[in-house]
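Chemist: First, the structure itself, so that you have it in front of you.
Computed from the coordinates by the stated procedures, all read-outs in this text should not be read as laboratory data. This structure is a prediction, so every number in the text was calculated from the model and none was measured. Cβ coordinates were reconstructed from backbone atoms using ideal geometry, including for glycine residues, and neighbour counts include every protein chain displayed.
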Amino acid sequence: MHATFPQFTQFDPIAGRIEGAPLLERRLSDLRGYFVDQAAYATALAQTDSLLYTVANVEPAQGEGALHYGISCIMPGRVGDEYYMTKGHYHAWRPASEYYIGIRGTGILLLEDEESGECWSTPLIANSGAYVPGHAAHRTVNTGTEPLIFLGIYPYNAGHDYGAIVERNFRHVVVQVEGKPTILPRADYHARRR
Ligand code: M6P
Ligand code: ZN
């Protein structure tokens with residue numbers, strides 16, 4: 001059977017694009033309520049609605065066993081102390097796992113298991129991979145000074161569930177402390193600033 005999806009794909013590893021794939025842009029205004037420092041968010045948004053990240057997904061294949069994939073590019077920057085990041089999501093179909101492959105830049109992948117509440121993180125850097133198991137919320141953070149570009153590969157029926165993140169956010173924040181990327185429990189970040 002001839003496949004109806006592209007069998008050969010070239011990525012732009014500098015711009016984080018896939019030719020022919022629709023480009024989704026996420027700006028500061030799309031992430032209202034996501035950043036820990038609300039005053040810093042309001043100040044930044046009053047200045048300019050900065051581009052935080054782009055996603056170019058290729059999602060033509062359907063049916064059992066099919067894969068979708070995409071390339072993401074997160075800009076370098078911070079809102080207050082917190083580094084630019086993705087919204088983060090669960091998969092609508094919770095058992096779906098995902099594999100990330102770092103192409104450019106330096107970042108951190110935050111993970112959180114829905115049932116146990118367990119939180120962990122992995123580096124996301126060029127020429128490395130990170131496994132996102134099913135039932136885990138995942139958010140990617142650019143802790144470097146250049147764009148963070150990575151591929152994500154996932155089952156066609158994974159879907160995105162943002163609702164739980166909007167409600168509860170992640171338990172940890174990735175912030176700059178004394179010039180260094182630091183992962184802190186959200187509550188500890190607030191306590192430090194009091
Ligand atoms: C990765 C993949 C995509 C996801 C993107 C942005 O590339 O996991 O499926 O859309 O990151 O993350 P989010 O959807 O959480 O904004
Ligand atoms: Zn995902």
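Chemist: Is there a quick way to get the dipole size of the chain? I mean about its Cα centre, with the Cβ of Lys and Arg at +1 and of Asp and Glu at -1; what is the value in debye to the nearest 20?
Modeler: 500 debye
Chemist: Any idea how far apart T48 and A126 come out in nm if each label point goes 7 Å out from Cα toward Cβ?
Modeler: For T48 paired with A126, the spin-label model returns 2.5 nm.
Chemist: Quick one: net charge of L111's neighbours, Cβ under 11 Å, K/R +1, D/E -1?
Modeler: Net charge around L111: -3.
Chemist: I want to verify a result. In a Gaussian network model of the chain, Cα cutoff 10 Å, which of these has the top mean-square fluctuation: A136, A164, A46?
Modeler: In the Gaussian network model the winner is A46.
Chemist: Taking 7 Å along the Cα-to-C-beta vector as the label spot, tell me the D113-D188 distance in nanometres, rounded to one decimal.
Modeler: 2.0 nm
Chemist: Does anyone have the angle between helix 38-47 and the longest principal axis of the chain? Alpha-carbon axes, 0 to 90°, nearest 10?
Modeler: Value to nearest ten degrees: 70.
Chemist: Counting only C-alpha contacts under 8 Å and six or more residues apart, can you give the relative contact order of the chain as a whole percent?
Modeler: The normalised contact order for the chain reaches 22 percent.
Chemist: Separate question: Can you tell me the mean projection area, over all orientations, of the convex hull of the stretch 2-193's alpha carbons? Units nm², please.
Modeler: Result: 11.2 nm².
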